[in-house]
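Here the structure is laid out as structure tokens; the discussion comes afterwards.
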Amino acid sequence: MKPRLSVAVRTLVAFSLQTGDLVSTFAGSQRSLDGIRAHQKIQRSRPAGYQPEFTLRHDIETADFILEISGRMDGVFSDGSRVVIDEIKSTHKDLDTLEKRPDPLHWGQVQAYAWLYARHHDLDVVDTQLTYYQLATKETRELRRTHTAHELDRFMTTLLEDYIDWATRLERWRRQRDRSIQGIGFPFEDFREGQRHMAVTVYRSIQTDRRAMIQAPTGIGKTMAALFPSAKALGENLTSKIFYLTARTTGRQAAEKALSVMRSQGLQLKSLTLTAKDKICPHPDATCTPEDCPRAHGHYDRIKKARIAAFGRDALDRDTISRLAEEYTVCPFEFSLDMALWVDAVIGDYNYAFDPRVYLRRFFSEDNGAYIFLVDEAHNLVDRSREMFSALLRKQPFLDLRRALREDHRPLFRAMGHINTWMVPARRDCLTAGGESACRALPDDLLPHLQRFHHLAETWLVKNKPASWKEDLLQLYFDVSSFLRVAERYDDNYSTLSSSDGKDLQVKLFCLDPADQLAEALRRSRSTVFFSATLTPFSYFNDLFGGDEKTVFLRLRSPFPPENLCLVIDGRISTYYREREQTKYRLADAITQLVRGKTGNYLAFFPSYAYLEMIHDVFSDVYPEIPTIVQARDMDEQAREAFLERFSKDNPQTLVGFVVMGGIFGEGIDLVGRRLSGAVIVGVGLPGICMERDLIKDHFETKRQAGFDFAYRYPGFNRVLQAVGRVIRTARDQGSVLLVDNRFATGRYRSLYPDEWQPVSPRPNTPVAHILEHFWMKERAS
């Protein structure tokens, strides 16, 4: 049997007829609702016999497939002896302009409906009518044309030509892809220890439409164990698209590399890496208008050739997208979004699937497809999702914009004045409370002022007029939109935070528990697999990810020989804040004992910059002969790479890097072999005590009787696990780790240890150096 493909009339028309400029016009948050209301108003005004929302389908058979064309007309009615197909369009544009310059997409859509209707009712002639409704003036204008069946046939032949050619290309590719998937085996000679178990769990989760949570230590080959079975599932039609979601550049690179390895073994699968607009835009200082950006001017005139060229490649990474976009002079970001529709796998940040502000509505806004979500380094999703579902407003941007548009828009000027009037006493109360305060209620008396501002801003922005302050207004409009959206969802999972430095004021609707909203977002997929080296304990992550008793759990042991890691726990040194001053010399000495065990490169992880700087000052003063390097507070990508380049396997003397736990060096770095000989982890990794963390603690103490665990202990220990995981990266690596804190030896922490840990602790009055000396002597002997 030939496969059945389907295409909506709107999609078909846009694919074949869209030409001209890429125009970034503002539509407004109410645009969709306003359009629905306009449609309903016009439909109600029509005479008896008017049939609204009339659905039609028609099959076209080709050599490769059957294409179902479907659409829902706004209305059909009889005018004397003529049948009229009515298409209603609401607009902010001038109606005279629309009449003088007909929109080919609007006319193409109503003509396609007319062709469908004429085919089904065997009509020789049919009328088409575009009914425009001007949203600001409430004016209606009807434009009518008459078409013969022959004219409509010719129009549809032309319309379908490009699309059927493209659909044929897609269908032949699908068959070619599936044959390649069926023909490939695992791309290495054998699975690593635990890797087969993970791959089978991923496949079965996809097969049964379930969620899985997999803790797989470094060395398992997590990325391949997730992507290989997902590709197999794709070839068996268990999914229509793979979304590989990750928080870091290293995660995206790992996915690209795994796919490249499979391609080298015969896999044919098209993948696309999505890059944020601000990172891939070649003209960051230009506005997204055809007047200002050469890529926007004529974008749709060139996109078809760019699309065909891109489809000739299997790996569309950032560089490839940028090169093709430059070659065909199209916007690289819009180009990548377009190609995402046609590829087999999309690699991108979490926010493309989960963030309510920017998730990919072209996939997830209506009927969710048979998609797989592979969530890499899933421990990062907890804090990321809290920020996605929170909203923040500051006082200063309202003041700055108010001054800028004072003479240009008095209603907006007054509306922002009311917002500022609310914020002034709120700032005073906040300062009286010590600079920050919190409550478990919405700021209800602020919301009407924000709604008024939002309405006025939207009314002006939809006119798409130029102004020196337009970009500032647009940004503030989006901030207020987010705040109002979160306010609508505000419940027991939220708290309202206010903070002030004396001049400015921040008001934040803070999401304490993202579980409900993550559960909603996960319904966009058929199956989701969370995987990371650190998902301890499972119950904590399952709760926060909106999971249930049906979630599949898999914890894998490290594939590396446990004897290759010397794990020392020194519980004799307290790292509590109040005792840091008196223990700083003992801590510096403990670090020295570790790094003198063997010449090599070491990392010392600290819970804060302040503690790091305190111990580094002592260490450098007492042991000046040992070279050190310190993580700066604001490191960019270039500085990060320069830092890591210092960790050479050929360093003639010991180097100690002082870094912050949970930061840019706490995970996602791969210092193999002699590039890293050991690490010191100072403290149990607890996040810094702050109001947000304490609110999380209170919330989960009430909800789970586990407040400290959810707010501090579990997030902290996962940071520790990530830091320890930097040391042993391959089966040949050998290294030492020193955990410094008396809490590590308690039962509450020992219960979280991975099975493969074999910790040792020095006896009283015995230096750590004795344990390390024995370990390195044994390793040298072997």
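Observations on the structure shown:
- Being of a type outside the set (V, I, T), open to solvent by 10 Å² or more (accessible area, probe 1.4 Å), part of a helix (DSSP H, G or I) and at pLDDT below 95 is a description that applies to E563.
- Some residue of the stretch 705-712 being open to solvent by 30 Å² or more (accessible area, probe 1.4 Å), over 30 Å from R252 (Cβ atoms) and free of Cβ contacts under 8 Å to residues at least 24 places away in the same chain: yes
- Any chance K241 is surrounded by fewer than 21 Cβ atoms within 10 Å (Cβ to Cβ), farther than 30 Å from P562 by Cα and in contact with a helix residue (DSSP H, G or I) (Cβ under 9 Å, 6 or more places away or on another chain): yes
- Selection count, the stretch 401-410, where residues are touching a helix residue (DSSP H, G or I) at 6+ places or on another chain (Cβ under 8 Å) and part of a helix (DSSP H, G or I): 3
- The set of residues from the stretch 740-762 being outside any helix (DSSP H, G or I) and over 18 Å from P607 (Cβ atoms) comprises S751, Y753, P754, D755, E756, W757, Q758, P759, V760, S761, P762.
- Residues (open to solvent by 20 Å² or more (accessible area, probe 1.4 Å) and either under 18 Å from the mean Cα position of the chain (by Cα) or among the β-branched types (V, I, T) (or both)) located in the stretch 311-336: D317, R318, T329, F333, E334
- Number of positions in the stretch 138-157 that are free of Cβ contacts under 8 Å to residues at least 24 places away in the same chain and open to solvent by 80 Å² or more (accessible area, probe 1.4 Å): 5
- Looking at F389, F398, F333, F413, just one residue is under 30 Å from I214 (Cα atoms) and in contact with a helix residue (DSSP H, G or I) (Cβ under 8 Å, 6 or more places away or on another chain), and that residue is F389.
- Selection of the stretch 601-624 for residues being open to solvent by less than 10 Å² (accessible area, probe 1.4 Å) and under 17 Å from N651 (Cβ atoms) yields N601, Y602, L603, A604.
- For the stretch 685-694, the candidate set comprises residues that are part of a helix (DSSP H, G or I) and in contact with a helix residue (DSSP H, G or I) (Cβ under 8 Å, 6 or more places away or on another chain); within that set, the residue that is surrounded by the most Cβ atoms within 10 Å (Cβ to Cβ) is R693.
Table: residues versus (1) closer than 25 Å to N493 by Cβ; (2) modelled with pLDDT under 95; (3) crowded, with 19+ Cβ neighbours inside 10 Å.
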position: P356; (1), (2), (3): yes, yes, no
position: D367; (1), (2), (3): no, yes, no
position: V375; (1), (2), (3): yes, no, yes
position: L401; (1), (2), (3): no, no, yes
position: R406; (1), (2), (3): no, yes, no
position: M416; (1), (2), (3): no, no, yes
position: R440; (1), (2), (3): yes, yes, no
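- Looking across the stretch 31-61 at every residue that is polar (S, T, N, Q) and surrounded by fewer than 15 Cβ atoms within 10 Å (Cβ to Cβ), the one that is farthest from D301 (Cα to Cα) is identified as S45.
- Which listed residue, of D96, D74, is more than 26 Å from I308 (Cβ to Cβ) and part of a helix (DSSP H, G or I): D96
- Matching helices (runs of 4 or more DSSP H) fully within the stretch 227-336 where at least 2 residues are within 23 Å of G369 (Cβ to Cβ), touching a Phe, Trp or Tyr at 6+ places or on another chain (Cβ under 6 Å) and at pLDDT 95 or above: none
- The stretch 625-664, residues that are at negative phi, under 26 Å from the mean Cα position of the chain (by Cα) and either open to solvent by 50 Å² or more (accessible area, probe 1.4 Å) or of a type outside the set (D, E, K, R) (or both): R633, D634, M635, D636, E637, Q638, A639, E641, V660, M661, G663, I664
- Criterion: modelled with pLDDT under 95, surrounded by fewer than 23 Cβ atoms within 10 Å (Cβ to Cβ) and within 25 Å of the chain's Cα centre (by Cα) - qualifying residue of D543, D548: D548
- Residue pairs whose Cβ atoms lie under 6 Å apart, sitting 6 or more positions apart in sequence or on different chains, and linking a residue in the stretch 472-484 that is part of a helix (DSSP H, G or I) to a partner that is of a type in the set (S, T, N, Q) and open to solvent by 40 Å² or more (accessible area, probe 1.4 Å), are S481/S29.
- Any hit, the stretch 699-717, residues being among the β-branched types (V, I, T), at pLDDT 95 or above and more than 30 Å from S620 (Cβ to Cβ): yes
- Considering T329, T320, the condition of being in contact with a Pro (Cβ under 8 Å, 6 or more places away or on another chain) and free of Cβ contacts under 8 Å to residues at least 40 places away in the same chain is satisfied by T329 alone.
- Evaluation of Q517 against (1) polar (S, T, N, Q); (2) within 20 Å of E692 (Cβ to Cβ); (3) open to solvent by 40 Å² or more (accessible area, probe 1.4 Å); (4) outside any strand (DSSP E or B) (one fails), failing number: (3)
A quick yes/no check of all residues on (1) among the hydroxyl-bearing types (S, T, Y); (2) open to solvent by less than 20 Å² (accessible area, probe 1.4 Å); (3) out of contact with any Asp or Glu (no Cβ under 8 Å at 6 or more places or on another chain):
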residue	(1), (2), (3)
R263	no, no, no
K270	no, yes, no
K277	no, no, yes
P284	no, no, no
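- Of all residues in the stretch 66-119, those being over 35 Å from the mean Cα position of the chain (by Cα), in contact (Cβ under 8 Å) with a residue 60 or more places away in the chain and under 30 Å from K2 (Cα atoms) number 7.
- Summed over the stretch 85-109, the residues that are surrounded by 18 or more Cβ atoms within 10 Å (Cβ to Cβ), more than 20 Å from R37 (Cα to Cα) and at pLDDT below 95 give a count of 1.
The values are calculated or read from the model by the stated rules, or taken from the named source; none is laboratory data. From a predicted model like this one, the values you see are computed outputs, not experimental measurements. With ideal geometry, Cβ positions are generated from the backbone for all residues, glycine too; neighbour counts draw on all protein chains shown. Heavy atoms of the whole protein, side chains included, go into the accessibility calculation; ligands, DNA and RNA do not. Shrake-Rupley method; radii C 1.70, N 1.55, O 1.52, S 1.80 Å.
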